[in-house]
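**Student:** If you scroll down you'll find the structure; I have some questions about it.
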Amino acid sequence: MWLKIEARPAPSVRMKYLSPLIAVALTLMTGVIFSAFMSLNPLNTFHAFFISPIDDWYGLGELGVNAIPLVLIGTGLAIGFRSNVWNIGAEGQLAMGAIFGGGVALYFYEQEGAYVLPLMFVMGALGGMFWASIPAFLRTRFNTNEILVSLMLNYVAILILSYLVHDLWRDPDGFNFPESRLFSESSTLPIVLEGTRLHFGVVIALGAVALAWVFVRKSFLGYQMQVAGMANAAALYAGFKRKRMVWVGLLSGGLAAGVAGLMEVAGPIGQLLPSVSPGYGYAAIIVAFVGRLHPFGILLAGLLMSLLYLGGESAQMDLGLPSAVTGVFQGMLLFYLLAADLFINFRMRRDTAGSRVAGAGL
Amino acid sequence: MTETIVGILLATLGAGTPLVFATLGELITEKSGVLNLGVEGMMLIGAVCGFAAAAESGSLWFGVVISMFAGGGMALLFGILTLTFQANQVAAGLALTIFGIGTSAYIGLDYTSVTLPNIDPIQLPFLSDIPVIGRLLFSLDPLIYLSFAMFGAISWFLYRTKGGLVLRAVGESPESAVSLGHHVIAIRYLAVWFGGAMAGLGGAYLALVYTPLWVEEMTAGRGWIALALVVFSTWRPSRVMVGAYLFGGVTIVQFHIQGFGVDIPSQLLSTLPYLATILVLVLISRDIHTIRLNAPASLGKPYHPDL
């Protein structure tokens with residue numbers, strides 16, 4: 001008697017929403033086994049990872065601070081992913097948003113004015129979209145693979161940022177450290193929850209989730225992009241314009257990542273540094289998948305991923321585990337999710353001797 | 001002057017060799033119709049495992065063997081996801097890279113300040129005494145010779161053996177291959193595994209010979225450049241070699257440009273290999289017919305008998 005994998009007559013909706021939960025459960029179980037292997041008490045590890053980072057208001061605020069870029073970028077990327085437009089350049093688009101928006105802050109250094117922050121938002125958005133427009137243009141004009149181009153541009157953007165903070169934009173009073181001046185009051189995001197670092201970005205991220213939901217659910221273009229993702233041939237037959245989808249798919253990710261990058265430097269960081277993101281642009285890809293490419297799902301997945309980041313930091317402090325553990329579990333979560341997704345389209349069947357004979361009779 | 005040029009050419013060979021290994025491996029994987037975007041992750045895992053094994057055992061060759069097992073193991077993980085569990089190949093490849101970056105950083109923590117002895121070049125008798133050519137071709141480190149041998153073996157396998165024909169058939173039309181009695185999934189598993197072992201070897205060359213150090217994320221995008229080189233090569237081994245050394249050259253030239261008195265900040269010079277990759281991709285991809293003609297027809301598409 002063997003287990004046989006066979007196609008379901010129709011994809012299971014229940015499995016589609018169950019699969020992320022299974023993946024999270026399996027990741028947790030692996031964590032327990034891992035900590036037993038490291039001769040750590042699993043309960044202590046669990047506590048250090050998931051409870052102690054968020055057992056006070058400050059910790060909850062940090063959960064939000066990390067979730068803001070993850071949810072925002074995940075939402076933007078998902079719009080492209082739904083139509084099989086693979087933007088994996090969010091890390092670079094984030095850096096470009098930080099450069100463009102941060103450049104405004106440095107230009108208006110010590111100038112008070114209500115116009116500075118809005119201008120930073122506009123430039124951050126434009127920076128991210130500019131960087132995403134390169135793979136979009138090359139894809140639509142020269143048929144160049146957007147995965148490889150957007151990924152290569154991550155390295156380029158981060159090198160440009162590194163050049164700026166080492167050279168052109170280095171703080172003149174900063175003892176030669178590779179960092180820009182600290183942004184003035186007028187170019188820093190307001191805090192929305194007293195006693196925490198939770199900033200105005202939370203409004204932007206939630207607004208983006210709502211906006212994306214309206215786009216996906218209510219707009220004709222959102223519908224076209226979903227059709228193209230599920231059945232490209234049908235979309236082509238219906239005459240949906242592929243080039244427009246590529247542009248919208250890439251620019252929405254670039255817009256989100258650019259704004260997220262601007263908000264990192266105008267919020268928690270407060271200046272330009274050689275590194276402005278602990279891999280948010282890559283983690284947001286996982287967030288988009290775990291959230292089932294659905295805006296509300298991405299909100300939940302973003303909070304979960306944010307907790308993984310915080311848990312990694314707190315496990316480092318409480319248990320002496322290296323912070324690299326976070327990356328291991330991020331990758332593992334996506335592995336389990338992809339494996340569990342098998343059961344959306346397939347199911348296990350006992351392949352008994354009888355059915356084999358019956359099959360042979362056909 | 002000759003001295004400088006020989007130096008640059010030798011450095012180019014060294015910088016190109018990790019790309020030769022990784023790209024030839026991915027070429028075989030893609031010939032079977034599977035697109036594994038996890039090359040960067042497999043290279044990193046190969047690099048760190050090979051480095052750790054060499055540091056612990058004191059034997060570089062043991063490190064090389066372990067790196068192939070480690071890269072191959074990562075590839076099998078990808079195979080289980082995409083071939084058995086029918087996962088999307090793009091998503092699974094990304095997962096492999098993210099997992100590889102995190103896991104290699106974790107494994108490598110204890111090895112960041114370890115150094116390894118240099119591998120001695122093999123001096124071929126008499127031949128290595130020929131001026132210029134002797135140094136360029138006949139006194140190289142053994143892994144470079146291995147990369148030449150791999151190129152020869154893969155070219156021969158793909159175009160001169162029945163196995164190569166079957167592999168290409170699986171990549172062009174899995175349905176036809178099945179009807180001829182070939183086991184598509186098993187062949188794809190083998191091709192994916194081979195790609196991973198070669199990526200691991202490429203990583204090992206970086207960590208054991210080229211630097212020889214372990215540094216977090218030391219591949220710096222070479223896995224992705226390898227993927228671009230497969231497209232550049234239009235899936236032909238000989239053009240893989242051209243592409244890999246071209247990129248080795250670009251990496252090396254950036255170190256020498258400043259020496260020639262050109263005043264460009266080092267960070268901006270470091271963008272050259274990435275910008276060159278994009279340029280090369282654009283030049284190749286703009287001709288859609290070449291790509292259609294040469295790319296394995298089932299590349300990236302899942303295969304399941306029920307579908």
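**Student:** Regarding B:I122, is this residue surrounded by fewer than 18 Cβ atoms within 10 Å (Cβ to Cβ) and within 11 Å of chain A (Cβ to nearest Cβ)?
**Tutor:** Against the criterion (surrounded by fewer than 18 Cβ atoms within 10 Å (Cβ to Cβ) and within 11 Å of chain A (Cβ to nearest Cβ)), B:I122 does not qualify.
**Student:** What about A:L272, is it modelled with pLDDT of 90 or more, under 22 Å from B:L96 (Cα atoms) and of a type in the set (A, V, I, L, M, F, W, C)? Let's see the steps before the verdict.
**Tutor:** Working: modelled with pLDDT of 90 or more: yes; under 22 Å from B:L96 (Cα atoms): no; of a type in the set (A, V, I, L, M, F, W, C): yes.
Taking the combined requirement at face value, the residue does not satisfy it.
**Student:** Considering only segment B:139-152, how many residues are farther than 16 Å from B:A15 by Cα and open to solvent by 50 Å² or more (accessible area, probe 1.4 Å)? Spell out how you get there, then give the answer.
**Tutor:** Here is the first cut: in segment B:139-152, the ones farther than 16 Å from B:A15 by Cα are B:139, B:149-152.
With open to solvent by 50 Å² or more (accessible area, probe 1.4 Å) added as a condition, the list becomes B:149, B:151.
Residues flagged as farther than 16 Å from B:A15 by Cα and open to solvent by 50 Å² or more (accessible area, probe 1.4 Å) within segment B:139-152 amount to 2.
**Student:** May I ask you to list the residues in segment A:26-65 that are of a type in the set (G, A, S), under 18 Å from A:D318 (Cβ atoms) and surrounded by 13 or more Cβ atoms within 10 Å (Cβ to Cβ)? Walk me through how you get there before you give the answer.
**Tutor:** At the first step, the residues of segment A:26-65 found to be of a type in the set (G, A, S) are A:31, A:35-36, A:39, A:48, A:52, A:59, A:61, A:64.
Then keep just the ones that are under 18 Å from A:D318 (Cβ atoms); that gives A:31, A:35-36, A:39, A:48, A:52, A:59.
Matches in segment A:26-65: A:G31, A:S35, A:A48, A:S52, A:G59.
**Student:** Here is a further query. If I filter segment B:245-290 down to residues being facing chain A (nearest Cβ under 7 Å) and under 21 Å from B:Y205 (Cβ atoms), which single residue comes out as surrounded by the fewest Cβ atoms within 10 Å (Cβ to Cβ)?
**Tutor:** Applying the first criterion (facing chain A (nearest Cβ under 7 Å)) to segment B:245-290 yields B:265, B:267-268, B:270-271, B:274-275, B:277-278, B:281-282, B:285-286, B:288.
Restricting the remaining residues to those that are under 21 Å from B:Y205 (Cβ atoms) gives B:270, B:274, B:277.
On the way: B:S270: 19, B:Y274: 25, B:T277: 26.
Across segment B:245-290, the extreme among qualifying residues is B:S270.
**Student:** Looking for whichever is assigned to a helix (DSSP H, G or I) and within 25 Å of B:F21 (Cβ to Cβ) here; the options are B:I154, B:I185. Which one fits?
**Tutor:** Among B:I154, B:I185, only B:I154 is assigned to a helix (DSSP H, G or I) and within 25 Å of B:F21 (Cβ to Cβ).
**Student:** Looking only at segment B:1-59, count every residue that is assigned to a helix (DSSP H, G or I), free of Cβ contacts under 8 Å to residues at least 40 places away in the same chain and among the small types (G, A, S) and tell me the total.
**Tutor:** 3
**Student:** Restricting to segment B:76-114, count the residues that are among the β-branched types (V, I, T) and either at the interface with another protein chain (Cβ under 7 Å from one of its Cβ atoms) or out of contact with any helix residue (DSSP H, G or I) (no Cβ under 9 Å at 6 or more places or on another chain) (or both).
**Tutor:** So the answer is 5.
**Student:** Checking B:S298 against (1) open to solvent by less than 40 Å² (accessible area, probe 1.4 Å); (2) outside any loop (DSSP other than H, G, I, E, B), only one condition comes out false. Which one?
**Tutor:** Just one mismatch for B:S298, condition (2).
**Student:** Something else now. Taking helices (runs of 4 or more DSSP H) that fall entirely within segment B:203-277, which contain at least 1 residues that are among the β-branched types (V, I, T)? Working first, answer last.
**Tutor:** On the way: elements: B:222-232, B:237-257, B:266-270.
Fully inside segment B:203-277 and qualifying: B:222-232, B:237-257.
**Student:** Say whether the condition of being at pLDDT 90 or above and outside any helix (DSSP H, G or I) is met by at least one residue in segment A:207-229. I'd like the intermediate steps shown before the answer.
**Tutor:** Taking segment A:207-229 and keeping what is at pLDDT 90 or above, we get A:207-215.
Now narrow it down to the ones that are outside any helix (DSSP H, G or I): none.
Within segment A:207-229, none of the residues are at pLDDT 90 or above and outside any helix (DSSP H, G or I).
**Student:** Restricting attention to segment B:109-124, which residues are part of a loop (DSSP other than H, G, I, E, B) and either free of Cβ contacts under 8 Å to residues at least 12 places away in the same chain or among the acidic types (D, E) (or both)? Even if it seems obvious, please write down each step before you answer.
**Tutor:** Initial filter on segment B:109-124 (part of a loop (DSSP other than H, G, I, E, B)): B:112-124.
Across segment B:109-124, the qualifying residues are B:S113, B:D120.
**Student:** Considering only residues that are in contact with a Leu (Cβ under 6 Å, 6 or more places away or on another chain) and open to solvent by 20 Å² or more (accessible area, probe 1.4 Å), look in segment A:198-223 and name the one that is nearest to A:F121 (Cα to Cα).
**Tutor:** Across segment A:198-223, the extreme among qualifying residues is A:F200.
**Student:** Mind checking which pairs have a first residue in segment A:32-56 that is on the phi < 0 side of the Ramachandran plot and a second that is of a type in the set (V, I, T) and crowded, with 16+ Cβ neighbours inside 10 Å, Cβ under 7 Å, 6 or more apart or different chains?
**Tutor:** A:S35/A:T45
**Student:** Assuming B:L227 fulfils every condition listed in (1) open to solvent by less than 20 Å² (accessible area, probe 1.4 Å); (2) within 14 Å of chain A (Cβ to nearest Cβ); (3) more than 30 Å from B:A55 (Cα to Cα); (4) not basic (K, R) apart from one, which condition is it?
**Tutor:** Condition not satisfied by B:L227: (3).
**Student:** Turning to a different aspect of this structure: Among the residues of segment A:13-25, count how many are of a type in the set (S, T, Y) and surrounded by fewer than 16 Cβ atoms within 10 Å (Cβ to Cβ).
**Tutor:** Applying the first criterion (of a type in the set (S, T, Y)) to segment A:13-25 yields A:17, A:19.
Filter again for surrounded by fewer than 16 Cβ atoms within 10 Å (Cβ to Cβ), leaving A:17.
Adding up the residues that qualify gives 1.
**Student:** Turning to a different aspect of this structure: So is A:F343 within 14 Å of chain B (Cβ to nearest Cβ) and buried (at least 21 other Cβ atoms within 10 Å of the Cβ) or not? Give the derivation first.
**Tutor:** On the way: within 14 Å of chain B (Cβ to nearest Cβ): yes; buried (at least 21 other Cβ atoms within 10 Å of the Cβ): no.
Considered against the rule, which asks whether it is within 14 Å of chain B (Cβ to nearest Cβ) and buried (at least 21 other Cβ atoms within 10 Å of the Cβ), A:F343 comes out as no.
**Student:** Condition check: of a type in the set (A, V, I, L, M) and within 14 Å of another protein chain (Cβ to nearest Cβ). Does A:M120 satisfy that? Talk me through it step by step, then tell me what you get.
**Tutor:** On the way: of a type in the set (A, V, I, L, M): yes; within 14 Å of another protein chain (Cβ to nearest Cβ): no.
For A:M120, the condition - of a type in the set (A, V, I, L, M) and within 14 Å of another protein chain (Cβ to nearest Cβ) - is not met.
**Student:** Inspect segment A:296-308 for any residue being in a loop (DSSP other than H, G, I, E, B) and within 12 Å of chain B (Cβ to nearest Cβ) and give the result as yes or no. Explain how you work it out, then say what you get.
**Tutor:** First, pick out the residues of segment A:296-308 that are in a loop (DSSP other than H, G, I, E, B): none.
So far as segment A:296-308 goes, no, none of its residues is in a loop (DSSP other than H, G, I, E, B) and within 12 Å of chain B (Cβ to nearest Cβ).
**Student:** Checking the structure you have, find out if any residue of segment B:91-101 is within 20 Å of B:R188 (Cβ to Cβ) and in contact with a strand residue (DSSP E or B) (Cβ under 7 Å, 6 or more places away or on another chain).
**Tutor:** Within segment B:91-101, none of the residues are within 20 Å of B:R188 (Cβ to Cβ) and in contact with a strand residue (DSSP E or B) (Cβ under 7 Å, 6 or more places away or on another chain).
**Student:** Return yes or no: is B:V48 surrounded by fewer than 24 Cβ atoms within 10 Å (Cβ to Cβ), within 13 Å of chain A (Cβ to nearest Cβ), of a type in the set (A, V, I, L, M, F, W, C) and in contact with a Phe, Trp or Tyr (Cβ under 7 Å, 6 or more places away or on another chain)?
**Tutor:** When the stated conditions are applied, B:V48 does not pass them.
**Student:** Taking A:G195 as the residue in question, decide whether it is open to solvent by less than 60 Å² (accessible area, probe 1.4 Å) and either assigned to a helix (DSSP H, G or I) or not polar (S, T, N, Q) (or both).
**Tutor:** On the way: open to solvent by less than 60 Å² (accessible area, probe 1.4 Å): no; either assigned to a helix (DSSP H, G or I) or not polar (S, T, N, Q) (or both): yes.
For A:G195, the condition - open to solvent by less than 60 Å² (accessible area, probe 1.4 Å) and either assigned to a helix (DSSP H, G or I) or not polar (S, T, N, Q) (or both) - is not met.
The values are calculated or read from the model by the stated rules, or taken from the named source; none is laboratory data. Values in this document were obtained by computation on a predicted structure and should not be read as measured data. Note that each Cβ is placed from the backbone with ideal geometry, even for glycine, and that neighbours are counted across all protein chains shown. Just so you know, the surface numbers come from the protein's heavy atoms only, side chains and all, with ligands and any DNA or RNA stripped out. Shrake-Rupley method; radii C 1.70, N 1.55, O 1.52, S 1.80 Å.
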